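The values are calculated or read from the model by the stated rules, or taken from the named source; none is laboratory data. All values derive from a computational prediction rather than experimental measurement. All Cβ positions, even for glycine, are placed from backbone atoms using ideal geometry, and neighbour counts span all protein chains on display. Accessible surface is based on the protein model in full, side chains and every heavy atom, while ligands, DNA and RNA are left aside. Shrake-Rupley method; radii C 1.70, N 1.55, O 1.52, S 1.80 Å.
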Amino acid sequence: MVPTWRLRAAFARRLSDMYGTEVPAYTTLLEVTGEINDEVAGRDPDAERLGSISRVTAERHGAIRVGTEEELRGAAQIFAALGMHPVGFYDLRDGGPGAVPVVSTAFRPTATEELDRNPFRVFTSLLTPSDRRFFDAGLESRLAAFLARRTLFPPELLQLAERAEKSAGLPEPAAERFLTLAVAAFELSSEPVDRAWYAELERVSAVAADIGGVAATHINHLTPRVLDIDALHRRMGERGITMIDRIQGPPRWDGPDVLLRQTSFRALAEPRRFREPDGRITGGSLRVRFGEVEARGIALTRAGRARYDELLAETDRWAARHPDADRQETARALWHRTFPHSEHRLAADGLAFFTYHPVTGRPRDGQRPPADLAGLLAGGWLTARPVVYEDFLPRSAAGIFRSNLTGEGARDDAPAGTPFDADRLSDAVGRPVRDPFALYAAQQDRSLREALRALGADTALRAPDAGEDASPPGV
Ligand code: OOG
Ligand code: NI
(Lines give C-alpha, C1' and ligand atoms only; values in the text may rest on other atoms or scores of the structure.)
(Ligands and ions follow the chains in the order given, each with its own letter.)
Protein backbone atom coordinates (compact mmCIF):
# COMPACT_ATOMS: atom_id res chain seq x y z
CA MET A 1 0.00 0.00 0.00
CA VAL A 2 1.32 3.47 -0.88
CA PRO A 3 -0.01 5.70 1.92
CA THR A 4 -1.50 9.16 1.32
CA TRP A 5 1.61 11.12 2.20
CA ARG A 6 3.79 9.08 -0.14
CA LEU A 7 1.32 9.70 -2.94
CA ARG A 8 1.51 13.42 -2.15
CA ALA A 9 5.32 13.47 -2.07
CA ALA A 10 5.53 11.48 -5.30
CA PHE A 11 2.96 13.72 -7.01
CA ALA A 12 4.84 16.87 -5.99
CA ARG A 13 8.13 15.44 -7.26
CA ARG A 14 6.72 14.25 -10.57
CA LEU A 15 4.88 17.49 -11.17
CA SER A 16 8.14 19.34 -10.53
CA ASP A 17 10.01 17.12 -13.02
CA MET A 18 7.28 17.60 -15.60
CA TYR A 19 7.15 21.38 -15.11
CA GLY A 20 10.96 21.57 -15.36
CA THR A 21 10.84 20.08 -18.84
CA GLU A 22 8.05 22.47 -19.85
CA VAL A 23 9.57 25.64 -18.35
CA PRO A 24 13.39 25.44 -18.29
CA ALA A 25 13.74 28.71 -16.32
CA TYR A 26 12.04 26.87 -13.44
CA THR A 27 15.02 24.50 -13.35
CA THR A 28 17.36 27.50 -13.04
CA LEU A 29 15.20 28.79 -10.22
CA LEU A 30 15.49 25.44 -8.42
CA GLU A 31 19.27 25.44 -8.86
CA VAL A 32 19.69 28.93 -7.45
CA THR A 33 17.24 28.18 -4.62
CA GLY A 34 19.27 25.08 -3.72
CA GLU A 35 22.56 27.03 -3.71
CA ILE A 36 21.15 29.72 -1.47
CA ASN A 37 19.53 27.28 0.94
CA ASP A 38 22.87 25.45 1.28
CA GLU A 39 24.66 28.74 1.95
CA VAL A 40 22.17 29.85 4.58
CA ALA A 41 22.19 26.42 6.24
CA GLY A 42 26.00 26.63 6.37
CA ARG A 43 26.20 30.08 7.96
CA ASP A 44 23.09 30.44 10.10
CA PRO A 45 22.66 28.17 13.13
CA ASP A 46 18.95 29.12 13.20
CA ALA A 47 18.33 28.18 9.55
CA GLU A 48 16.03 25.32 10.52
CA ARG A 49 13.93 27.28 12.98
CA LEU A 50 11.02 27.41 10.55
CA GLY A 51 11.35 23.94 9.06
CA SER A 52 14.02 21.30 8.58
CA ILE A 53 16.30 21.64 5.55
CA SER A 54 14.84 18.43 4.14
CA ARG A 55 11.30 19.85 4.37
CA VAL A 56 12.30 23.21 2.92
CA THR A 57 14.25 21.61 0.05
CA ALA A 58 11.26 19.49 -1.02
CA GLU A 59 8.73 22.25 -0.36
CA ARG A 60 6.70 23.62 -3.29
CA HIS A 61 3.41 25.28 -3.93
CA GLY A 62 1.65 25.08 -7.24
CA ALA A 63 -1.10 27.18 -8.77
CA ILE A 64 -3.93 26.01 -10.98
CA ARG A 65 -7.03 27.73 -12.35
CA VAL A 66 -10.36 26.10 -13.20
CA GLY A 67 -13.53 27.29 -14.89
CA THR A 68 -16.52 25.64 -13.20
CA GLU A 69 -17.64 24.31 -9.84
CA GLU A 70 -17.63 20.81 -11.27
CA GLU A 71 -14.00 21.20 -12.31
CA LEU A 72 -13.20 22.53 -8.85
CA ARG A 73 -14.82 19.47 -7.26
CA GLY A 74 -12.74 17.22 -9.50
CA ALA A 75 -9.55 18.99 -8.46
CA ALA A 76 -10.65 18.74 -4.81
CA GLN A 77 -11.15 14.99 -5.21
CA ILE A 78 -7.64 14.55 -6.61
CA PHE A 79 -6.13 16.65 -3.82
CA ALA A 80 -8.14 14.75 -1.18
CA ALA A 81 -6.45 11.57 -2.40
CA LEU A 82 -3.16 13.33 -1.63
CA GLY A 83 -4.24 14.44 1.86
CA MET A 84 -4.73 18.08 0.78
CA HIS A 85 -7.81 19.97 1.98
CA PRO A 86 -9.18 23.42 1.09
CA VAL A 87 -7.95 26.08 3.51
CA GLY A 88 -8.65 29.81 3.32
CA PHE A 89 -10.79 31.97 1.05
CA TYR A 90 -9.17 34.59 -1.19
CA ASP A 91 -11.18 37.03 -3.26
CA LEU A 92 -9.02 38.49 -6.01
CA ARG A 93 -11.79 40.37 -7.82
CA ASP A 94 -11.57 43.59 -5.86
CA GLY A 95 -7.92 44.51 -6.15
CA GLY A 96 -8.40 47.76 -8.11
CA PRO A 97 -6.86 48.00 -11.58
CA GLY A 98 -5.70 44.57 -12.65
CA ALA A 99 -8.27 42.81 -10.47
CA VAL A 100 -8.83 39.26 -11.72
CA PRO A 101 -12.19 37.47 -12.05
CA VAL A 102 -11.41 34.58 -9.70
CA VAL A 103 -11.92 33.46 -6.12
CA SER A 104 -9.43 31.04 -4.65
CA THR A 105 -8.54 28.60 -1.91
CA ALA A 106 -5.42 26.56 -1.20
CA PHE A 107 -5.39 22.78 -0.93
CA ARG A 108 -2.87 21.64 1.64
CA PRO A 109 -2.25 19.15 4.44
CA THR A 110 -3.69 20.40 7.73
CA ALA A 111 -2.16 18.11 10.39
CA THR A 112 1.33 19.04 11.60
CA GLU A 113 2.71 15.51 11.07
CA GLU A 114 1.45 15.63 7.49
CA LEU A 115 2.97 19.05 6.88
CA ASP A 116 6.26 17.73 8.25
CA ARG A 117 6.15 14.76 5.91
CA ASN A 118 5.47 16.85 2.83
CA PRO A 119 3.81 20.28 2.86
CA PHE A 120 2.78 20.40 -0.82
CA ARG A 121 0.03 22.97 -1.43
CA VAL A 122 -1.82 24.19 -4.50
CA PHE A 123 -3.35 27.66 -4.81
CA THR A 124 -6.52 26.98 -6.77
CA SER A 125 -8.57 29.66 -8.48
CA LEU A 126 -12.14 29.42 -9.76
CA LEU A 127 -13.32 31.68 -12.59
CA THR A 128 -16.41 33.77 -11.74
CA PRO A 129 -18.28 34.15 -15.06
CA SER A 130 -21.43 35.39 -13.28
CA ASP A 131 -19.60 38.51 -12.07
CA ARG A 132 -21.11 41.29 -14.20
CA ARG A 133 -18.18 43.61 -13.53
CA PHE A 134 -16.19 41.37 -15.88
CA PHE A 135 -18.61 39.34 -18.04
CA ASP A 136 -21.92 40.24 -19.65
CA ALA A 137 -24.72 37.65 -19.79
CA GLY A 138 -23.90 36.67 -23.37
CA LEU A 139 -20.25 36.01 -22.63
CA GLU A 140 -21.19 34.13 -19.46
CA SER A 141 -23.40 31.72 -21.38
CA ARG A 142 -20.85 31.19 -24.16
CA LEU A 143 -18.21 30.51 -21.49
CA ALA A 144 -20.54 28.02 -19.81
CA ALA A 145 -21.09 26.23 -23.13
CA PHE A 146 -17.35 26.12 -23.89
CA LEU A 147 -16.47 24.82 -20.42
CA ALA A 148 -19.25 22.20 -20.48
CA ARG A 149 -17.63 20.64 -23.57
CA ARG A 150 -14.27 19.96 -21.95
CA THR A 151 -13.25 17.29 -19.42
CA LEU A 152 -10.28 18.23 -17.28
CA PHE A 153 -10.09 15.04 -15.26
CA PRO A 154 -10.85 11.68 -16.88
CA PRO A 155 -13.32 9.44 -14.97
CA GLU A 156 -10.63 6.82 -14.30
CA LEU A 157 -8.50 9.46 -12.51
CA LEU A 158 -11.43 10.59 -10.36
CA GLN A 159 -12.36 6.99 -9.48
CA LEU A 160 -8.81 6.20 -8.41
CA ALA A 161 -8.73 9.42 -6.38
CA GLU A 162 -11.96 8.48 -4.61
CA ARG A 163 -10.58 5.06 -3.82
CA ALA A 164 -7.31 6.55 -2.53
CA GLU A 165 -9.20 8.97 -0.30
CA LYS A 166 -11.40 6.18 1.15
CA SER A 167 -8.58 3.75 1.87
CA ALA A 168 -5.91 6.36 2.77
CA GLY A 169 -3.65 5.22 -0.03
CA LEU A 170 -3.51 2.91 -3.02
CA PRO A 171 -1.86 -0.44 -3.67
CA GLU A 172 0.54 -0.79 -6.57
CA PRO A 173 -0.06 -0.71 -9.52
CA ALA A 174 -3.13 1.52 -8.95
CA ALA A 175 -0.90 4.10 -7.24
CA GLU A 176 1.31 4.32 -10.31
CA ARG A 177 -1.68 4.68 -12.61
CA PHE A 178 -3.20 7.38 -10.41
CA LEU A 179 0.03 9.41 -10.32
CA THR A 180 0.52 9.14 -14.08
CA LEU A 181 -3.03 10.33 -14.80
CA ALA A 182 -2.88 13.06 -12.16
CA VAL A 183 0.36 14.56 -13.49
CA ALA A 184 -0.92 14.33 -17.08
CA ALA A 185 -4.04 16.31 -16.11
CA PHE A 186 -1.83 19.32 -15.31
CA GLU A 187 0.40 19.20 -18.41
CA LEU A 188 0.15 21.94 -21.00
CA SER A 189 -2.29 20.78 -23.68
CA SER A 190 -1.19 20.65 -27.31
CA GLU A 191 -4.78 21.19 -28.53
CA PRO A 192 -4.92 24.23 -30.82
CA VAL A 193 -6.24 27.36 -29.13
CA ASP A 194 -9.18 29.10 -30.84
CA ARG A 195 -7.54 32.45 -31.66
CA ALA A 196 -10.69 34.60 -31.77
CA TRP A 197 -12.25 33.13 -28.62
CA TYR A 198 -9.01 33.46 -26.67
CA ALA A 199 -8.60 37.09 -27.82
CA GLU A 200 -12.17 37.93 -26.84
CA LEU A 201 -11.63 36.62 -23.30
CA GLU A 202 -8.22 38.25 -23.11
CA ARG A 203 -9.88 41.65 -23.59
CA VAL A 204 -11.74 40.99 -20.31
CA SER A 205 -8.77 39.49 -18.49
CA ALA A 206 -5.70 37.48 -19.44
CA VAL A 207 -6.56 35.12 -16.58
CA ALA A 208 -10.06 34.54 -17.99
CA ALA A 209 -8.47 33.61 -21.34
CA ASP A 210 -5.98 31.28 -19.68
CA ILE A 211 -8.84 29.50 -17.90
CA GLY A 212 -11.76 29.61 -20.30
CA GLY A 213 -9.99 30.00 -23.64
CA VAL A 214 -8.21 26.64 -23.76
CA ALA A 215 -9.16 22.98 -23.73
CA ALA A 216 -7.45 21.93 -20.49
CA THR A 217 -6.02 23.23 -17.25
CA HIS A 218 -2.28 23.28 -16.54
CA ILE A 219 0.03 24.00 -13.71
CA ASN A 220 0.54 27.77 -13.87
CA HIS A 221 3.63 27.88 -11.68
CA LEU A 222 5.47 25.83 -9.10
CA THR A 223 7.15 27.72 -6.33
CA PRO A 224 10.15 26.55 -4.32
CA ARG A 225 10.87 27.87 -0.83
CA VAL A 226 14.09 29.80 -0.28
CA LEU A 227 15.76 30.84 2.96
CA ASP A 228 17.07 34.21 1.66
CA ILE A 229 14.76 35.68 -0.97
CA ASP A 230 16.70 38.94 -1.34
CA ALA A 231 19.87 37.02 -2.25
CA LEU A 232 17.85 34.89 -4.65
CA HIS A 233 16.36 37.95 -6.34
CA ARG A 234 19.90 39.32 -6.98
CA ARG A 235 21.35 36.05 -8.13
CA MET A 236 18.59 35.27 -10.63
CA GLY A 237 19.35 38.66 -12.19
CA GLU A 238 23.02 37.69 -12.47
CA ARG A 239 21.92 34.50 -14.25
CA GLY A 240 20.07 36.60 -16.82
CA ILE A 241 16.52 35.99 -15.58
CA THR A 242 14.78 39.23 -14.72
CA MET A 243 12.54 39.06 -11.71
CA ILE A 244 9.70 41.54 -11.12
CA ASP A 245 11.14 44.48 -9.24
CA ARG A 246 9.19 43.93 -6.04
CA ILE A 247 9.26 41.33 -3.32
CA GLN A 248 5.64 41.06 -2.12
CA GLY A 249 4.85 40.85 1.58
CA PRO A 250 6.77 42.12 4.61
CA PRO A 251 10.06 43.99 4.08
CA ARG A 252 13.43 42.49 4.87
CA TRP A 253 14.31 43.65 8.36
CA ASP A 254 16.24 42.49 11.42
CA GLY A 255 13.14 41.45 13.40
CA PRO A 256 11.34 38.10 13.13
CA ASP A 257 10.35 36.87 9.66
CA VAL A 258 6.57 36.67 9.50
CA LEU A 259 3.98 35.45 6.99
CA LEU A 260 5.23 35.18 3.45
CA ARG A 261 7.55 37.02 1.06
CA GLN A 262 7.24 36.21 -2.64
CA THR A 263 8.66 37.31 -5.95
CA SER A 264 8.39 36.03 -9.50
CA PHE A 265 9.89 36.20 -12.95
CA ARG A 266 7.71 37.28 -15.80
CA ALA A 267 5.81 34.77 -17.87
CA LEU A 268 7.88 33.52 -20.79
CA ALA A 269 6.60 33.08 -24.33
CA GLU A 270 5.74 29.41 -24.91
CA PRO A 271 4.97 28.00 -28.35
CA ARG A 272 1.28 27.12 -28.78
CA ARG A 273 -0.81 26.10 -31.77
CA PHE A 274 -3.78 28.20 -32.82
CA ARG A 275 -6.91 27.62 -34.85
CA GLU A 276 -7.56 30.69 -37.01
CA PRO A 277 -11.09 31.90 -37.85
CA ASP A 278 -10.74 30.34 -41.32
CA GLY A 279 -9.91 26.94 -39.79
CA ARG A 280 -6.18 27.00 -40.53
CA ILE A 281 -3.84 25.77 -37.78
CA THR A 282 -0.94 28.15 -37.19
CA GLY A 283 1.96 28.53 -34.79
CA GLY A 284 2.25 31.25 -32.19
CA SER A 285 3.04 31.78 -28.56
CA LEU A 286 1.39 32.71 -25.27
CA ARG A 287 2.85 34.20 -22.12
CA VAL A 288 0.98 32.85 -19.13
CA ARG A 289 3.24 30.65 -17.08
CA PHE A 290 5.74 32.23 -14.79
CA GLY A 291 8.18 31.33 -12.05
CA GLU A 292 7.80 32.29 -8.44
CA VAL A 293 9.78 31.80 -5.28
CA GLU A 294 8.88 32.37 -1.66
CA ALA A 295 10.28 32.70 1.85
CA ARG A 296 8.03 31.67 4.73
CA GLY A 297 7.86 33.17 8.20
CA ILE A 298 5.83 32.86 11.37
CA ALA A 299 2.02 32.55 11.27
CA LEU A 300 0.31 35.62 12.73
CA THR A 301 -2.85 35.60 14.83
CA ARG A 302 -5.81 37.73 13.72
CA ALA A 303 -4.46 40.56 15.84
CA GLY A 304 -0.98 40.17 14.33
CA ARG A 305 -2.46 40.00 10.87
CA ALA A 306 -4.42 43.21 11.47
CA ARG A 307 -1.10 44.89 12.37
CA TYR A 308 0.42 43.59 9.16
CA ASP A 309 -2.50 44.88 7.09
CA GLU A 310 -2.24 48.31 8.77
CA LEU A 311 1.47 48.50 8.05
CA LEU A 312 0.85 47.59 4.43
CA ALA A 313 -1.80 50.32 4.13
CA GLU A 314 0.50 52.84 5.77
CA THR A 315 3.35 51.89 3.42
CA ASP A 316 0.96 52.44 0.49
CA ARG A 317 -0.08 55.86 1.75
CA TRP A 318 3.52 56.93 2.26
CA ALA A 319 4.54 55.58 -1.16
CA ALA A 320 1.68 57.50 -2.81
CA ARG A 321 2.86 60.74 -1.22
CA HIS A 322 6.56 60.07 -1.93
CA PRO A 323 6.68 58.35 -5.31
CA ASP A 324 10.47 58.56 -5.42
CA ALA A 325 11.06 56.94 -2.03
CA ASP A 326 12.27 53.34 -1.94
CA ARG A 327 9.30 51.23 -0.89
CA GLN A 328 11.41 48.67 0.97
CA GLU A 329 13.15 51.42 2.96
CA THR A 330 9.82 53.02 3.81
CA ALA A 331 8.33 49.72 4.92
CA ARG A 332 11.41 48.83 6.93
CA ALA A 333 11.32 52.15 8.79
CA LEU A 334 7.60 51.71 9.58
CA TRP A 335 8.15 48.16 10.81
CA HIS A 336 10.97 49.33 13.05
CA ARG A 337 8.72 51.87 14.66
CA THR A 338 5.71 49.63 15.28
CA PHE A 339 6.23 45.89 14.81
CA PRO A 340 7.58 43.69 17.65
CA HIS A 341 11.31 43.08 17.32
CA SER A 342 11.42 39.64 18.89
CA GLU A 343 9.59 36.33 18.88
CA HIS A 344 9.23 36.77 22.60
CA ARG A 345 7.19 39.96 22.17
CA LEU A 346 5.09 38.40 19.42
CA ALA A 347 4.21 35.55 21.79
CA ALA A 348 3.61 37.72 24.84
CA ASP A 349 1.37 40.13 22.88
CA GLY A 350 -0.59 37.31 21.23
CA LEU A 351 0.42 38.45 17.74
CA ALA A 352 1.88 35.20 16.38
CA PHE A 353 1.34 31.48 16.84
CA PHE A 354 3.78 29.26 18.70
CA THR A 355 3.83 25.73 19.98
CA TYR A 356 4.86 25.35 23.60
CA HIS A 357 7.14 22.64 24.91
CA PRO A 358 7.91 21.67 28.52
CA VAL A 359 11.49 21.90 29.76
CA THR A 360 11.71 18.77 31.84
CA GLY A 361 14.54 17.23 33.84
CA ARG A 362 15.60 20.44 35.58
CA PRO A 363 15.68 20.41 39.38
CA ARG A 364 12.99 22.80 40.59
CA ASP A 365 13.52 22.38 44.35
CA GLY A 366 9.84 21.70 44.85
CA GLN A 367 8.84 24.99 43.19
CA ARG A 368 5.39 25.11 41.57
CA PRO A 369 5.13 26.36 38.00
CA PRO A 370 3.76 29.92 37.79
CA ALA A 371 0.17 30.33 36.61
CA ASP A 372 0.81 32.60 33.64
CA LEU A 373 2.38 32.04 30.26
CA ALA A 374 4.85 34.93 30.56
CA GLY A 375 6.06 33.55 33.92
CA LEU A 376 6.38 30.04 32.53
CA LEU A 377 8.46 31.30 29.61
CA ALA A 378 10.60 33.69 31.68
CA GLY A 379 11.24 31.02 34.33
CA GLY A 380 12.44 28.53 31.72
CA TRP A 381 9.56 26.09 32.28
CA LEU A 382 8.40 26.30 28.71
CA THR A 383 10.00 27.02 25.38
CA ALA A 384 8.10 28.50 22.45
CA ARG A 385 8.67 27.37 18.89
CA PRO A 386 7.26 29.49 16.07
CA VAL A 387 4.54 28.01 13.86
CA VAL A 388 5.33 28.48 10.19
CA TYR A 389 2.77 30.25 7.97
CA GLU A 390 1.33 27.63 5.60
CA ASP A 391 -1.08 29.86 3.69
CA PHE A 392 -1.14 32.76 1.21
CA LEU A 393 -1.74 36.51 1.20
CA PRO A 394 -4.53 37.87 -1.01
CA ARG A 395 -2.77 41.16 -1.65
CA SER A 396 0.49 39.42 -2.62
CA ALA A 397 -1.42 36.94 -4.78
CA ALA A 398 -3.12 39.84 -6.58
CA GLY A 399 0.30 41.45 -7.07
CA ILE A 400 1.73 38.21 -8.47
CA PHE A 401 -1.23 37.81 -10.86
CA ARG A 402 -1.01 41.46 -11.89
CA SER A 403 2.73 41.55 -12.48
CA ASN A 404 2.25 38.78 -14.99
CA LEU A 405 -0.73 40.08 -16.92
CA THR A 406 -0.18 41.44 -20.38
CA GLY A 407 -3.01 43.97 -20.43
CA GLU A 408 -5.05 45.57 -17.71
CA GLY A 409 -8.20 43.86 -18.94
CA ALA A 410 -11.56 45.56 -18.85
CA ARG A 411 -13.72 45.87 -15.81
CA ASP A 412 -16.89 47.84 -15.30
CA ASP A 413 -17.28 48.82 -11.67
CA ALA A 414 -20.91 49.89 -11.98
CA PRO A 415 -22.63 46.49 -11.61
CA ALA A 416 -22.49 44.84 -8.20
CA GLY A 417 -20.08 41.92 -7.93
CA THR A 418 -21.47 38.44 -7.29
CA PRO A 419 -21.18 37.95 -3.54
CA PHE A 420 -18.77 35.19 -2.66
CA ASP A 421 -17.38 34.03 0.66
CA ALA A 422 -15.86 30.97 2.31
CA ASP A 423 -19.30 29.35 2.79
CA ARG A 424 -20.29 29.75 -0.82
CA LEU A 425 -16.88 28.43 -1.88
CA SER A 426 -17.38 25.43 0.45
CA ASP A 427 -20.64 24.69 -1.38
CA ALA A 428 -18.88 25.00 -4.71
CA VAL A 429 -16.03 22.67 -3.65
CA GLY A 430 -18.41 20.28 -1.93
CA ARG A 431 -16.07 20.20 1.07
CA PRO A 432 -15.63 22.61 3.98
CA VAL A 433 -13.10 25.37 3.35
CA ARG A 434 -11.20 25.56 6.64
CA ASP A 435 -10.25 28.74 8.44
CA PRO A 436 -6.45 28.95 8.67
CA PHE A 437 -6.52 30.94 11.93
CA ALA A 438 -8.57 28.18 13.58
CA LEU A 439 -6.06 25.55 12.46
CA TYR A 440 -3.08 27.46 13.88
CA ALA A 441 -4.94 28.23 17.12
CA ALA A 442 -5.87 24.58 17.60
CA GLN A 443 -2.26 23.53 17.10
CA GLN A 444 -1.06 26.13 19.60
CA ASP A 445 -3.73 25.20 22.17
CA ARG A 446 -2.98 21.51 21.89
CA SER A 447 0.75 21.98 22.45
CA LEU A 448 0.17 24.26 25.41
CA ARG A 449 -2.26 21.85 27.09
CA GLU A 450 0.15 18.96 26.68
CA ALA A 451 3.10 21.01 27.94
CA LEU A 452 1.19 22.17 31.02
CA ARG A 453 0.09 18.64 31.77
CA ALA A 454 3.71 17.43 31.55
CA LEU A 455 4.74 20.14 34.04
CA GLY A 456 1.82 19.43 36.37
CA ALA A 457 0.69 23.05 35.86
CA ASP A 458 -2.78 24.55 35.51
CA THR A 459 -4.03 23.23 32.18
CA ALA A 460 -6.78 25.83 31.90
CA LEU A 461 -4.20 28.46 30.93
CA ARG A 462 -4.56 29.73 27.35
CA ALA A 463 -2.22 31.57 25.07
CA PRO A 464 -3.28 35.12 24.23
CA ASP A 465 -5.58 35.30 21.20
CA ALA A 466 -6.06 31.54 21.19
CA GLY A 467 -9.73 32.12 22.01
CA GLU A 468 -10.32 33.97 18.76
CA ASP A 469 -10.75 30.86 16.68
CA ALA A 470 -14.51 31.21 17.04
CA SER A 471 -14.48 34.02 14.49
CA PRO A 472 -15.95 33.40 11.06
CA PRO A 473 -13.72 31.79 8.45
CA GLY A 474 -11.86 33.96 6.00
CA VAL A 475 -8.37 35.21 5.38
C1 OOG B 1 -2.14 32.30 -8.54
C2 OOG B 1 -1.47 33.54 -8.02
C3 OOG B 1 -1.32 33.51 -6.52
C4 OOG B 1 0.54 33.06 -4.83
O5 OOG B 1 1.57 32.44 -4.57
O6 OOG B 1 0.12 33.99 -4.13
C7 OOG B 1 -0.19 32.68 -6.05
C8 OOG B 1 -2.15 32.16 -10.04
O9 OOG B 1 -1.40 32.86 -10.72
O10 OOG B 1 -2.93 31.34 -10.52
O11 OOG B 1 0.19 31.71 -6.62
NI1 NI C 1 2.12 31.23 -6.22
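Figures for the structure shown
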quantity	calculated
Dipole magnitude of the chain, debye to nearest 20 (Cβ charges: Lys/Arg +1, Asp/Glu -1, about Cα centre)	340 debye
Only Lys, Arg (+1) and Asp, Glu (-1) charged, at Cβ; segment 281-366 dipole about Cα centre in debye	180 debye
C-alpha center-to-center spacing [segment 162-219, segment 374-443] in angstrom	24 Å
Sulfur and carbon atoms: percent of accessible area, the chain [1.4 Å]	51 percent
Of every Cα-Cα pair in the chain, the percent that sits beyond 43 Å	16 percent
Dipole of segment 190-261, positive direction: furthest Cα of Gly212, Leu222, Gln248, with charges on the beta-carbon	Gln248
Cα long-axis angle, helix 195-204 against the chain (0 to 90 degrees, to the nearest 10)	40 degrees
Farthest positive-ward along the chain dipole, Cα basis, beta-carbon charges - from Val193, Ala333, Gln444	Gln444
Cα-centred dipole magnitude for segment 164-289, charges only on beta-carbon of K, R (+1) and D, E (-1), debye, nearest 20	260 debye
Relative contact order %, segment 267-364, counting alpha carbon pairs below 8 Å whose residues are six or more apart	24 percent
Surface per residue (accessible, 1.4 Å probe) for segment 136-232, Å²	40 Å²
Amide N proximity, segment 179-216 versus Thr282 label position 7 Å along Cα-to-Cβ, cut-off under 14 Å	193-199
Distance between modelled label sites at Ala231 and Glu176, nm, 7 Å Cα→Cβ extension	4.1 nm
In degrees, nearest ten, helix 69-81 long axis to first principal axis of the chain (Cα)	50 degrees
Radius of gyration, Dmax [segment 112-188; alpha carbons; angstrom]	17.4, 49
Relative contact order, percent, the chain [alpha-carbon distance under 8 Å, six or more residues apart]	20 percent
Convex hull volume per residue for segment 398-451, taking Cα atoms only, in Å³	154 Å³
Amide H partners (placed H, <5 Å) of Thr383, local residues excluded	His357, Val359
Helix-only [θ]222 nm of the chain, DSSP H runs n ≥ 4, -39500 (n - 2.57) each, per residue, nearest 500	-13500 deg cm²/dmol
Span per principal axis, largest first, for the Cα atoms of segment 219-286 (Å)	61, 26, 18
When segment 1-100 is reduced to its Cα atoms, the Kirkwood hydrodynamic radius in Å	16.6 Å
Principal-axis tilt of helix 394-403 within the chain, Cα atoms, nearest 10 degrees	40 degrees
